[in-house]
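Q: The structure is given below, and queries will be raised subsequently.
The values are calculated or read from the model by the stated rules, or taken from the named source; none is laboratory data. Since we're looking at a predicted model, the values are computed, not measured. Using ideal geometry, Cβ is built from the backbone for each residue, glycine included, and neighbour counts are taken over all protein chains shown. Note: accessible area is taken over every heavy atom of the protein model, side chains too, but ligands, DNA and RNA are not part of it. Shrake-Rupley method; radii C 1.70, N 1.55, O 1.52, S 1.80 Å.
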Amino acid sequence: MQNLFNRAISSGFIQVFVANIVSQLVAFSGSIIYVRLMGQQQFGIYAFSYTIISFFLLVNGFGAASGILQFVSKAQNTEIELAYLKYALKLGMIFNCGLSLGIFVYAYFIAVPIPNAKIILCSMAFFPIGRLYIDVFLAYFRATQQNNLLAKFAISVNLILLLCNIVGIILHGLVGFVIATYVAYAIILILSMLLYKLPNVFTLKTPVINYKQFFNYSIYVTIGNAFAQLIFLLDIIILGYIMKDAIKVAEYKVATVIPFAINFIPGVVSTFFYPFFAKNSHNIIYVKQLKIKLQKAMFIFSFTVSMLLIILAKPIILIIFGHEYQASIIPFQILAFGFWILATFRNINGNILASLGKAKISMLFNLGVFCFNLIFTCVLVKSYGIIGAAVGVILVYTISSILSSMLLKQCLT
């Protein structure tokens, strides 16, 4: 055990894992505080509006962060690493400016089913510009294995956002939350340059890289990841448009907070090992062995967590979120069971496919899964409301896990 612990520290896994735990705990604490401070009506408006923003952020930076993780992991020297970083920031910034404009146009011209959500959505339209900087540098630190810096940056970013948002809500409710988020992004930008000395790559002369290869890879990964992540967003959007009730949206959002929040665990494991899979993509035996080890470990861990959450669902919901969210208990239990499926199979398989350079195949796969997700969610929400939305998520987890296992097996033969 001592040897295993020492290896975990020397490899940087402990630093990355602790940073993600702290960051997710901060984000999770924020979700609970927002529920308590806003009340059901305002929280429902926030949940719907922020979900729409998250929907657009599925293509954040046109895959700049994903491209950084893939190509910087394989870069031969620092100059090439910085060249990719410079191109990723330029590409992402241009794209996200257009993305923000698209959000504003959507909010202004398309009917929004939740009353009073339109103005909040318009005011959130420029969130993607601030988010890009954070995501690109987190990917850069992971790809270059600067794990201590990654940990410090990730924790400080989330703490700044949480503290600013709490102050904003206390001072001026949901509108204060929006203003405080922009203030937080400005503080993060200033501190990152002064405290962390992050490189200003725009002033650096960098060597020529294969821009087309980076661009094409980013397109496929972005579209593929977007369809994969829609599972966590589509249900709330469909709930909002079908039920047109901020209270029901709030109840379902509360049910998703913990089951979706703990998805960071398989995510950080997959992200940590991504460079190892990418560097050894031609060593099929190595990839197979590492995959088996990861899935065995995640099987035991995620099953234990899922069972505990299912058993303790009622006290968790009532104590943490309040008795007005009693309707959230059953969908919470359903989604908690889904964590076991997602963590053991779907997440790991998808990341390995991407690391092997199968971005186009992964994109087509996730497109097919999205179609299943859209059909199941619409049918089940109309018939069973928030419970149907949770069941739809489980069905998609199961189908995508089976299909991704078959696809990965074929790629590794």
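Q: Scan segment 183-218 for residues that are open to solvent by 40 Å² or more (accessible area, probe 1.4 Å) and under 23 Å from the mean Cα position of the chain (by Cα) and report the count.
A: 6
Q: Can you tell me how many residues in segment 123-137 are open to solvent by 10 Å² or more (accessible area, probe 1.4 Å) and either touching a helix residue (DSSP H, G or I) at 6+ places or on another chain (Cβ under 6 Å) or charged (D, E, K, R) (or both)?
A: Number of matching residues: 6.
Q: Go through 274, 252, 286 for me and flag whichever is part of a helix (DSSP H, G or I), over 28 Å from residue 34 (Cβ atoms) and under 21 Å from the mean Cα position of the chain (by Cα).
A: On the way: 252 fails: over 28 Å from residue 34 (Cβ atoms); 286 fails: under 21 Å from the mean Cα position of the chain (by Cα).
One residue alone meets the criteria, 274.
Q: Quick one: which residue in 67, 44 is under 30 Å from residue 213 (Cβ atoms) and in contact (Cβ under 8 Å) with a residue 40 or more places away in the chain?
A: Values: 44 fails: under 30 Å from residue 213 (Cβ atoms).
67 is the lone residue from the list that is under 30 Å from residue 213 (Cβ atoms) and in contact (Cβ under 8 Å) with a residue 40 or more places away in the chain.
Q: A further question on this structure: Could you check segment 346-397 and list, in sequence order, the residues that are within 30 Å of residue 296 (Cβ to Cβ) and among the basic types (Lys, Arg)?
A: 346, 358, 360
Q: Can you tell me which residue is least open to solvent (accessible area, probe 1.4 Å) among those in segment 376-413 that are more than 30 Å from residue 292 (Cα to Cα), without any contact (Cβ under 8 Å) to a residue 60 or more places away in the chain and in contact with a helix residue (DSSP H, G or I) (Cβ under 9 Å, 6 or more places away or on another chain)? I'd like the intermediate steps shown before the answer.
A: Initially, segment 376-413 is screened for residues more than 30 Å from residue 292 (Cα to Cα), giving 376-389.
Now restrict to residues that are without any contact (Cβ under 8 Å) to a residue 60 or more places away in the chain: 376, 379-380, 383-384, 387-388.
Adding the requirement that they be in contact with a helix residue (DSSP H, G or I) (Cβ under 9 Å, 6 or more places away or on another chain) leaves 376, 379-380, 384, 387-388.
Values: 376: 57, 379: 86, 380: 30, 384: 151, 387: 63, 388: 1 Å².
Among those residues, the one meeting the criterion is 388.
Q: Further question on the same structure: Quick one: which helices (runs of 4 or more DSSP H) lie wholly within segment 75-162 and hold at least 2 residues that are within 21 Å of the chain's Cα centre (by Cα)? Don't jump to the end; show me each part of the working.
A: Details: elements: 78-109, 117-123, 127-143.
Filter on segment 75-162 gives 78-109, 127-143.
Q: Conditions: (1) in contact (Cβ under 8 Å) with a residue 24 or more places away in the chain; (2) farther than 21 Å from residue 227 by Cα. Residue 308 meets all but one. Number of the miss?
A: (1) is the only condition that residue 308 fails.
Q: Among the residues of segment 83-100, which ones are farther than 17 Å from residue 60 by Cβ and surrounded by fewer than 21 Cβ atoms within 10 Å (Cβ to Cβ)?
A: 86
Q: Okay, next question. Of all residues in segment 254-297, which are in contact (Cβ under 8 Å) with a residue 12 or more places away in the chain, over 20 Å from residue 341 (Cα atoms) and open to solvent by 50 Å² or more (accessible area, probe 1.4 Å)?
A: Passing the criteria: 276, 279, 284.
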